[in-house]
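The values are calculated or read from the model by the stated rules, or taken from the named source; none is laboratory data. Nothing here was measured: the structure is a model prediction, and the numbers come from that model. Please note: Cβ atoms are built from the backbone with ideal geometry, for glycine as well, and neighbour counts cover all protein chains shown.
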Amino acid sequence: MDSRSVTYWICSAVAWTAFSYKCRDLRRSPHHPMWWVVTVTLFFASATLFFAAPAAIGMVNRLSGVPNLSAPLVYCLLVGLSASLQVLVAYWQGPEERAQVVARRWLAGYAVIMAAMIALFTVGEAPVERRVDFDTYYANTPYIAAFVVLYLLAYGASCVGLIALCWPWAKVVGLPWLRRGLRCIAMGTVCGLGFDVSKLVAVFARWFGTDLDVLSSKVAPGFAGLATVLVAVGFVLPVSGHRLTSLRARVGRYRAYRALFPLWDELRLATPAIAASVPIPWWDLELRLTRRLTEIRDGLLSLRAYFDPRVASAALRLGRRAGLTDVDLHAAVDAARFKAAIAAKKQNLKFPPEAAEGQEPPHGGADGASELAWLVAVSRAFTGSRVVGAAPADGGLVADDALTADDRLTADDRLMADHGLTADHGLDGDEDVGGSGPGDVPADSVQGAIDQAGKR
């Protein structure tokens, strides 16, 4: 089997796939005339390229016992494709009632052309089988030459009509996938016109004694295969393109889910309680992503008491020195803060609330999509940015700068200390409050101090 036959059949398989896809839609709505026209168009495009393969040409000639019988078969299929394209243009241009009238006229005209082609081939003589160069080999043969030119003119006219409609229409339609489909059909039809012109030029060259057979035997087949694929894809895109969009979005969310793992895993190790134990089906990506985002938020909330403001300043300085800007810089700063806070929590090192005052809050998003993008950027910086690892050391974070849980004053202790009371709720033995004896502190004095502090 020759390579041209393989190429033709591969391109034809693409068109047959589109034809099968349209047949499924046609079964759902069999009374929709437009779907009938599109389905028939794809059938003719698929069948034409399939039987135009040299291997198929030889098979048809051998089975029929008639040399070159495949020529009227292939070219009549191509004329059928031309007729369906003209009918398609009629339905696209006007209301259905008028389109039906115009379609009947086109069908009648192309039926006459097809009958004339069969008659010309029958009365002509083509005794030598030509699988590749039939058009140019018989370009000067009476009747056969007219047969060839007739199918080329019929196909070229349909290509011009479709191009004239698709290009302007693609500029004004609002649906993205319809616009892409129309452009694809237009480009495929341009390739079809390239096939047609290449063939005509080669035939005309033979008439004037010039050999340009390469246009017919080498250039035109490439145009034919590309035209079939582009037109087939163009007809499918408007109804199936949204599925490609959904698939791309799902792939993106799956990649985001995987990218969040480093940050989520560190937060889970620091705060095991954030990880829910209820299993989620592996195929439910949206639920798994939602849970991961929720657990990351919970983990970040658990770090509030462990943020050292010097880490953010150091990360910002190091990031700028490394040339980071915008999203990359902010992601590295937040990742450094989170990493240092996780390390501090593992050592139970807390920073007083005053240390967080004036500190820039973590960057995020105004909606779910932007927050997801931000957390993905932070998670990637968490493991991939050298700024994140260097910031705590550059910021001078040491254990002595933090308060352990045992050393940290409670809120009540702070309120009492503000009022000159000791941490054990006692006074020096020589002092007296409100007329009480030395060392005695009435309970209402402590509570009053707390209440007064709360009113400030």
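To keep it simple, each residue is scored yes or no on (1) outside any helix (DSSP H, G or I); (2) outside the structural domain of Ser240 (by TED's automatic domain parsing); (3) surrounded by fewer than 19 Cβ atoms within 10 Å (Cβ to Cβ); (4) without any contact (Cβ under 8 Å) to a residue 40 or more places away in the chain.
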{"site": "Ala115", "(1), (2), (3), (4)": "no, no, yes, yes"}
{"site": "Pro142", "(1), (2), (3), (4)": "yes, no, yes, yes"}
{"site": "Ala145", "(1), (2), (3), (4)": "no, no, yes, no"}
{"site": "Gly181", "(1), (2), (3), (4)": "no, no, no, no"}
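Being under 12 Å from Leu263 (Cβ atoms) and β-branched (Val, Ile, Thr) is the filter here, so list the residues in segment 275-303 that pass it.
Ile296, the sole residue that qualifies.
Filtering Val333, Val311 for residues that are touching a residue at least 60 places away in the same chain (Cβ under 8 Å), out of contact with any strand residue (DSSP E or B) (no Cβ under 7 Å at 6 or more places or on another chain), surrounded by 12 or more Cβ atoms within 10 Å (Cβ to Cβ) and in the same structural domain as Arg380 (by TED's automatic domain parsing) leaves a single hit, Val311.
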